[in-house]
Structures are given as C-alpha cells and as structure tokens.
Amino acid sequence: SLTQQWQVERRLAHIRSLMHDPVKRELGSAYNLYFFASHFASRGGPPGTSACLGSWLAALSVVINVKAISPALVASIMRVMEIPFP
C-alpha cells in the first residue's frame, strides 16, 4: 500500500466542525460502528489530544475506503486537509 505524508495546520475546532460533525451527521447510527474505539478529541486540547485525533483519523480512513460516506463529503474532507494529489 502507498503511504503519503504531508502537514497542514488546523485548529481542533475546525476539524470538529468541518470533518467530525459532518461525518457523524451523515453516518447517523452507523457512526458508532466505525468509531467505537476511536473517540474524537475533547474540547480544549487536553493531554492525549494528538493520540485521540490520530486514532479518529485512522478510523475515518476506513470509513472512506469502504465508501460509507458520500463522495461529496470525502471531497470536502480532502479540501479541509489539503490532501495533495499525486
């Protein structure tokens, strides 16, 4: 599998409002199926925030790869994260 790395600065509040909330809204009750072990980071950025966010993003990649969310939401996430195209 190919791995790509890049860096983008985003506030936790922006990731919550532009990624987490739309994903949770679109998945509805299925949200817990995909994110049961990966809780989104708590407000305020307490210790462990980066680990929680990393775990949540890993679960999000599964959601995207199994096509559980719409292509429009995937495109929105890609814009928010400024994912580079090969």
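The portion of the accessible surface of the range 1-79 made up by carbon and sulfur, rounded to a whole percent, is 55 (1.4 Å probe; DNA, RNA and ligands excluded). Packing, taken as the mean count of other beta carbons within 10 Å per residue, orders the peptides 53-60, 73-80, 5-12 from highest to lowest as 53-60, 73-80, 5-12. Over the chain, accessible surface divided per residue gives 70 Å², non-protein components excluded, 1.4 Å probe. Using a cutoff of 8 angstrom between alpha carbon atoms and counting only pairs six or more residues apart, the relative contact order for the chain works out to 35 percent. Taken about its Cα centre, the chain carries a charge dipole of about 160 debye when Lys and Arg each add +1 at the Cβ and Asp and Glu each add -1 at the Cβ. On a per residue basis, the convex hull of the C-alpha atoms belonging to the range 37-86 measures out at 103 Å³. Karplus-derived 3J(HN,Hα) values for the range 29-44, using 6.51 cos²θ - 1.76 cosθ + 1.60 with θ = phi - 60°, are 5, 6, 3, 5, 4, 8, 10, 4, 9, 10, 7, 5, 4, 6, 5, x Hz; glycine and proline are entered as x.
Note that the chain carries a Kirkwood radius of 13.5 Å, evaluated over its alpha carbons pair by pair.
Between the alpha-carbon centers of the range 31-64 and the range 69-83, tell me the distance in whole angstrom. The two parts, judged by their Cα centres, are 17 Å apart.
The values are calculated or read from the model by the stated rules, or taken from the named source; none is laboratory data. Everything numeric in this text was worked out from a predicted model, so none of it was measured. Backbone-built Cβ (ideal geometry, glycine too); neighbour counts: all protein chains shown. Accessible surface is based on the protein model in full, side chains and every heavy atom, while ligands, DNA and RNA are left aside. Shrake-Rupley method; radii C 1.70, N 1.55, O 1.52, S 1.80 Å.
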